Amino acid sequence: MPKKSNHGEGEEMLQKLRDLVRLAQAGDCTAVRVFSSDGAYQDIVCGGSQEDQAVALDVELQ
């Protein structure tokens, strides 16, 4: 499973998120790790099968 790091601001970041939503709606498993300013994070996974989602949640960032 390829890992990508994307940085952006404003409309550029919103467009990347919209693209991820479209992939999930089409059935692809999409996972996003969202960091807050205090260093905490939340993993969000949607699309794909339950097995795909479980694998995505189990992958550690490198």
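Assorted remarks:
- Take the Cα of Asp58, step 7 Å toward its Cβ, do the same at Met13, and the gap between the two points is 3.1 nm.
- Counting Lys and Arg as +1 and Asp and Glu as -1 over every other residue whose Cβ lies under 15 Å from the Cβ of Gly48, the net charge comes to -4.
We did not get these values from a lab; they are worked out from the coordinates using the rules stated. Not measured: the values here are computed from a predicted model. Counting neighbours? That spans all protein chains shown, and the Cβs are built from the backbone with ideal geometry, glycine included.
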